[in-house]
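Since every read-out is calculated from the coordinates, none of them should be taken as a lab result. As the structure is a prediction and not an experimental result, all values here were calculated from the model. Virtual Cβ from ideal backbone geometry, glycine too; neighbours counted across all protein chains shown.
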Amino acid sequence: MPLKPRQRDIPKIPGAVKFYKISAYVTGVMLLLLIFEMVFKYTPLQLEMQLGGQGGFLVPVDSTTGFNLSTAILIAHGWLYVVYLFADFRLWSLMRWPFSRFFLIALGGVVPLLSFFVESHMTKLATRQYDALTAETTPTTEGAPA
């Protein structure tokens, strides 16, 4: 039988879902930018993205004169993935889901486009479970004297 969230954790679930949702979208977008960066850099094009340097936006590798946007995207995705894993862990632990679900959510930050699909599914699942839990704990007023 699957575990249910603890009674004291139920009020924390909407915030955890929102935090997870935002981090999933941000990580997914950064991963797509990272894919574009890798295509530019590691294909025969061998270009890097830069801001404010000579030669335009795309320049040959190792000839950037401005802000190296390629490296910034790489670093930003790495740190934002850590935030995404924290949001994943928080939601997973509050909902008391099986470890396989944690692993699936974590894959969303490294497999292109997966974070958008996993986020949609997990958000719906968490919201459904939260709604069911709050319906169970809300006292009914039927038959109560007025």
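When +1 charges are put on Lys and Arg Cβ atoms and -1 charges on Asp and Glu Cβ atoms, the dipole computed for the chain relative to its Cα centre reaches about 500 debye.
Using a 7 Å offset from Cα along Cα-Cβ at Thr134, what residues in the range 1-22 end up with backbone N under 20 Å from the label point? From the range 1-22, the list is 4-22. Taking the centroid of alpha carbons for each part, the range 78-97 and the range 1-28 are 9 Å apart. Using the Cβ of Asp88 as centre and a radius below 11 Å, the other residues enclosed give a net charge of +1, where K and R count +1 and D and E count -1.
For the range 62-79, backbone phi angles converted through the Karplus equation (6.51, -1.76, 1.60; θ = phi - 60°) give residue-by-residue couplings of 6, 10, 6, 10, x, 6, 7, 5, 4, 5, 4, 5, 4, 5, 4, 4, x, 6 Hz, Gly and Pro being listed as x. The sum of -39500 (n - 2.57) across all DSSP H runs of n ≥ 4, divided by the residue count of the chain, sets its helix-only mean residue ellipticity at 222 nm to -21500 deg cm²/dmol. Taking a straight Cα-Cα cut-off under 16 Å and skipping sequence neighbours fewer than 8 places away in the same chain, the aspartates and glutamates within cross-link reach of Lys4 are Asp131, Glu136. The range 1-41: which trypsin sites (Lys or Arg not before Pro) are DSSP loop and have at most 13 other beta-carbon atoms within 10 angstrom? Passing sites in the range 1-41 are Arg6. Using modelled backbone amide H atoms (1.01 Å from N, in-plane), which distant-in-sequence or interchain residues come within less than 5 Å of Glu48's amide H? Those qualifying (amide H under 5 Å, at least 5 residues apart or on another chain) are Val59, Val61. Note on log10 I(q)/I(0) by the Debye sum over Cα atoms at q = 0.09, 0.14, 0.18 Å⁻¹: of the candidates (1) -0.30, -0.73, -1.13; (2) -0.39, -0.85, -1.14; (3) -0.42, -0.73, -0.96, the value calculated from this structure sits at (3).
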